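Please read the structure below before turning to the comments.
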């Protein structure tokens, strides 16, 4: 059994996408980030960076004590290796997937996240910051669109690289993007959206009663952390 500590954000969706595709039994554990549940001591034991998602695997490969993993990219790699699914085992194929997974982790996710922050959550609208991240998001969309010009999925066959990127494209309108401007990406997006496992993963998100985390209190929880916060926990 995989215990997934989760909230329905793009990074959370990555893991439910995998688990539904692979048919792995799992249990969801709510981590309401707008209420500060990511700072609870029990959660910090498995996710010291106070970020979800995180997993605990009761039945790790080779047996032994349960294994906990934090960071969505690391979780996807762990699950792919555990199940033997959605990542090639040959050297070239494996690194074809891994480099695009890292592209999402280091580029698409952080840049789209800053896009969301300055356009949706910042208490004052800063035109420079909004333009900066909308443009960078469009550049990254163009990189993905070009990559998909001659292949169905990012690394050939459907893989954890696709599962990592797809949830960050779902809120494209909030990011100031139009899929019509990226025809290859749009075709890829619609293909993943149509997968039954994708529908199941996003259906699980409906189990959580979420409201936009845009109150003064929730913004302080989400965006007001510092080194002293870490030292005090």
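A short reminder: the numbers here are calculations on the coordinates, not readings from a lab. Please read all numbers here as calculations on a predicted model, not as lab measurements. Reconstructed Cβ throughout: ideal geometry from the backbone, glycine too, with neighbour counts over all protein chains shown.
Dividing the helix sum by the residues of the chain, where each DSSP H run of 4 or more adds -39500 (n - 2.57), gives a mean residue ellipticity at 222 nm of -15000 deg cm²/dmol.
Report relative contact order for the chain in percent, whole number only (criteria: Cα-Cα under 8 Å, sequence separation at least 6). Please report the intermediate quantities before stating the final value.
Values: 282 pairs, mean separation 54.6, N = 233.
After rounding, I find 23 percent.
I need the peptides 137-144, 37-44, 73-80 ranked by packing, meaning the mean over residues of other C-beta atoms within 10 angstrom, with the highest value on top. Could the numbers behind the result be given before it?
Values: 137-144: 18.9, 37-44: 15.0, 73-80: 21.2.
Averaged packing, sorted descending, gives the order 73-80, 137-144, 37-44.
Under the simplified labelling scheme, the residue 174-residue 117 pair shows an inter-label distance of 1.5 nm, with each label point 7 Å from Cα along Cα→Cβ.
Fully extending the segment from residue 142 to residue 74, taken as 0.36 nm per residue of separation minus the present Cα-Cα distance, adds 21.9 nm. Between residue 131 and residue 199, the distance separating the two model label sites (each 7 Å from Cα on the Cα→Cβ line) works out to 4.4 nm. For the range 120-147, the residues whose backbone nitrogen is under 19 Å from a point 7 Å from the Cα of residue 187, taken along Cα to Cβ, are 141-147. The calculated FRET efficiency for the pair residue 35 and residue 59, based on their C-beta separation and a Förster distance of 35 Å, comes to about 0.70.
Taking 0.36 nm per residue of separation and subtracting the current Cα-Cα distance, fully stretching the chain between residue 42 and residue 1 would add 12.9 nm. Using C-alpha pairs below 8 Å separated by at least 6 residues, the relative contact order for the range 91-194 is 35 percent. Normalised by the number of residues in the range 46-132, the average gap of Cα pairs under 8 Å and 6 or more apart makes the relative contact order 16 percent. Highest mean packing first, where packing is the average number of other Cβ atoms within 10 Å per residue, the peptides 90-102, 11-23 line up as 11-23, 90-102.
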